[in-house]
1. Given (1) of a type in the set (Val, Ile, Thr); (2) modelled with pLDDT of 85 or more; (3) closer than 21 Å to Ala84 by Cα, where does Val183 come up short, assuming only one miss?
2. If we only count helices (runs of 4 or more DSSP H) wholly inside region 39-131, which ones have 2 or more residues that are farther than 22 Å from Leu248 by Cβ and open to solvent by less than 30 Å² (accessible area, probe 1.4 Å)?
3. Please go through region 156-177 and pick out each residue that is open to solvent by 10 Å² or more (accessible area, probe 1.4 Å) and within 24 Å of the chain's Cα centre (by Cα).
4. Just name the residue that is nearest to Leu89 (Cα to Cα) out of those in region 233-250 that are surrounded by fewer than 22 Cβ atoms within 10 Å (Cβ to Cβ) and touching a Leu at 6+ places or on another chain (Cβ under 8 Å).
5. Which residue pairs have Cβ atoms under 7 Å apart, sit 6 or more places apart or on different chains, and have a first residue in region 268-293 that is over 17 Å from Asn46 (Cα atoms) and a second that is open to solvent by less than 40 Å² (accessible area, probe 1.4 Å) and outside any helix (DSSP H, G or I)?
6. Answer yes or no as to whether Leu261 is touching a residue at least 40 places away in the same chain (Cβ under 8 Å) and open to solvent by less than 10 Å² (accessible area, probe 1.4 Å).
7. What is the residue count in region 132-157 for residues that are assigned to a helix (DSSP H, G or I), at pLDDT below 85 and in contact with a helix residue (DSSP H, G or I) (Cβ under 9 Å, 6 or more places away or on another chain)?
8. Please enumerate the residues belonging to region 178-200 that are more than 19 Å from Arg19 (Cα to Cα) and either surrounded by fewer than 21 Cβ atoms within 10 Å (Cβ to Cβ) or more than 15 Å from the chain's Cα centre (by Cα) (or both).
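The values are calculated or read from the model by the stated rules, or taken from the named source; none is laboratory data. Note that the structure is a prediction, hence the values are computed from the model and not measured. Every residue, glycine as well, gets a Cβ built from its backbone with ideal geometry; the counts of neighbours run over all protein chains shown. Ligands, DNA and RNA are stripped out before the accessible areas are found, and what is left, the full protein with its side chains, is counted by its heavy atoms. Shrake-Rupley method; radii C 1.70, N 1.55, O 1.52, S 1.80 Å.
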Amino acid sequence: MIAKGGNNDWRAPLLGQARWRWWEFLLWALAFAAPLLLPQHALMVNEIAIVALFAMSLDLVLGYTGIVSLGHAAFFGFGAYAAALFAKLVMPDPTVGLVVATVLAALLGLAASVTILRGSDLTRLMVTLGTALLLLELANKLDWLTGGADGLQGVVMGPVLGVFDFDLYGRVAAWYSLAVALVLFLLMRRLVHSPFGATLRAIRDNRLRAMAIGIPVTSRMAVIYTVAAAVAGAAGALLAQTTGFASLDVLAFDRSADVLLMLVIGGVGWLYGGVAGAIVFKLLQDTLSSVTPQYWMFWIGLLLVLLMLVGRERLLRPHTWFRKGGAA
């Protein structure tokens with residue numbers, strides 16, 4: 001029986017999810033105002049914008065498609081080195097360099113997508129981790145190109161759009177990263193709230209059932225993995241461009257682990273989970289490392305244990321921690 005409204009009724013839930021809420025406008029307005037309101041923390045704003053974009057890229061494959069990855073830093077680091085090398089060897093224009101790095105990271109993601117199409121979650125964990133480790137060792141060995149363990153130095157960036165020079169306080173860098181993050185967020189939001197995004201969630205929930213109803217699972221996984229790689233590459237390019245430096249750290253396992261922690265904190269399956277996780281993680285890291293430089297990871301670990309034991313919704317309400325029957 002066809003419901004009233006005909007074949008367009010299935011679009012209603014997607015349109016409802018895609019509708020902007022008031023707090024979203026407020027969040028982005030505050031983000032762009034932060035470099036002016038808190039000029040001494042502009043560099044922190046820039047870093048949060050970059051890692052938030054990185055976390056959202058991982059959420060595309062983990063939260064929306066159910067592809068577990070321990071080597072997402074491969075695309076982040078590849079984008080960072082691509083942007084830095086482009087600025088040093090070809091031209092210093094950051095916008096062009098960003099596009100080049102994003103395209104190259106997308107091509108790497110397309111090639112690497114072959115490795116995640118078959119096997120179990122454990123297999124994908126090992127394969128994605130192996131990809132990142134291979135690139136890390138390659139960057140270390142090609143020291144004549146990448147600088148090896150010393151990093152790629154001497155990267156000088158030109159002004160953004162030929163007008164805005166990067167300043168020492170990091171305000172232009174922060175606005176540049178926020179602008180790129182917003183544009184890519186809008187594209188990702190449109191993607192996940194489209195019929196294509198609905199098929200991704202179907203694959204995440206039950207891959208066999210998705211295949212049975214005619215969803216091309218293999219091609220969908222390859223496409224979203226490529227898109228996620230491109231976004232991660234853009235985040236890496238932003239880091240290299242705003243810092244003028246690229247080192248082996250951008251390909252290290254710590255990068256992949258940190259972005260996973262951000263999604264654990266913020267939640268998977270919604271893009272703002274990456275944003276929230278990045279904000280909380282970077283603020284905690286900055287605060288705790290200044291108080292206890294040697295043991296700040298202990299407190300992060302304690303937060304994760306509490307998060308798993310009591311749940312994200314109840315974490316800020318300690319009086320509900322010991323109640324039975326779920327969140328109050």
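1. Only one criterion is unmet by Val183, namely (3).
2. 42-62, 94-112
3. Met157, Val160, Phe166, Arg171, Val172, Trp175, Tyr176
4. Looking at the filtered set, the residue picked out is Phe245.
5. Val268/Gly63; Gly269/Gly63; Gly269/Tyr64; Gly273/Gly63; Gly273/Gly267
6. No, not satisfied.
7. Residues that pass the stated criteria total 6.
8. Ala179, Thr199, Leu200
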